[in-house]
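The values are calculated or read from the model by the stated rules, or taken from the named source; none is laboratory data. Everything numeric here is computed off the predicted structure, so don't read it as measured data. Cβ sites come from the backbone with ideal geometry, for glycine too, and all protein chains shown count toward neighbours. Just the protein is used for accessible areas: all its heavy atoms, side chains included, with ligands, DNA and RNA removed. Shrake-Rupley method; radii C 1.70, N 1.55, O 1.52, S 1.80 Å.
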Amino acid sequence: MDYNKLYTEFKIAVPECISFCEEKEIENFIDDTVGIHVSFGMVIVPYILYVVDNQKDKVIQEIFCFMEQMAVCPDIKVQEVLDFTILEQLIDEEHYILQKCKKYMGMNTLQHCEKIEEYFY
């Protein structure tokens, strides 16, 4: 995974997200200049919440597989996007939403999540 191309890599790994992402990009003035954390925070996290809420199982599996790859990526900046942008926002949601998400997390993503939760509770 390449930190600078992470947003594009997500859209390639989860092609079903394209129209949702385009809509959110327009809505939030997201372009190539805003940075990876902003793109993930304002576009990808809402997409994750949308697919989990709508129980789109195939897409959910693709997303959480991508997140698991982020969790084990040797590039610490990629792991920081997972931890500080995706997981922190999911933890900050209603408890039942986080519990839904946890069901789909791989072992490494779940470890990251539980470590971050320690700071929230």
- Taking the Cβ-Cβ separation of K58 and D2 as r and a Förster radius of 22 Å, what is the calculated FRET efficiency to the nearest 0.05? 0.30
- Task: Give, to the nearest whole percent, the P(r) tail of segment 61-121 beyond 14 angstrom, counting all Cα pairs.
- Result: 51 percent
- Stokes-Einstein D (µm²/s) once Rh is taken as the Kirkwood radius of the chain over alpha-carbon pairs, at 20 °C in 1.002 mPa s: 150 µm²/s
- Query: Given K11/K103; K11/K58; K5/K102; K56/K100; K5/K77; K11/K100, which pairs have Cα atoms separated by over 18 Å?
  - Reply: K11/K103; K5/K102; K11/K100
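Averaged per residue, what accessible area in Å² does segment 21-108 show with a 1.4 Å probe, protein chains only?
With all protein chains present, segment 21-108 gives 54 Å² per residue.
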- Query: With all protein chains present, how much of the accessible area of segment 3-121 (probe radius 1.4 Å) comes from carbon and sulfur, to the nearest whole percent?
  - Reply: 53 percent
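Which net charge results when you count Lys and Arg as +1 and Asp and Glu as -1 among the other residues whose beta-carbon is under 11 Å from that of M70?
-4
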- Based on Cβ point charges of +1 for Lys and Arg and -1 for Asp and Glu, what charge dipole magnitude is obtained for the chain about its Cα centre, in debye rounded to the nearest 20? 340 debye
- Note on the structure: Neighbours of I12 by Cβ distance under 12 Å: Lys/Arg at +1, Asp/Glu at -1, summed charge -2
- Task: Excluding H37 itself, calculate the net charge of residues whose Cβ lies under 12 Å from the Cβ of H37, where each Lys or Arg counts +1 and each Asp or Glu counts -1.
- Result: -2
- Query: Between E93 and I76, what length in nm is gained on full extension when 0.36 nm per residue of separation is reduced by their alpha carbon distance?
  - Reply: 3.7 nm
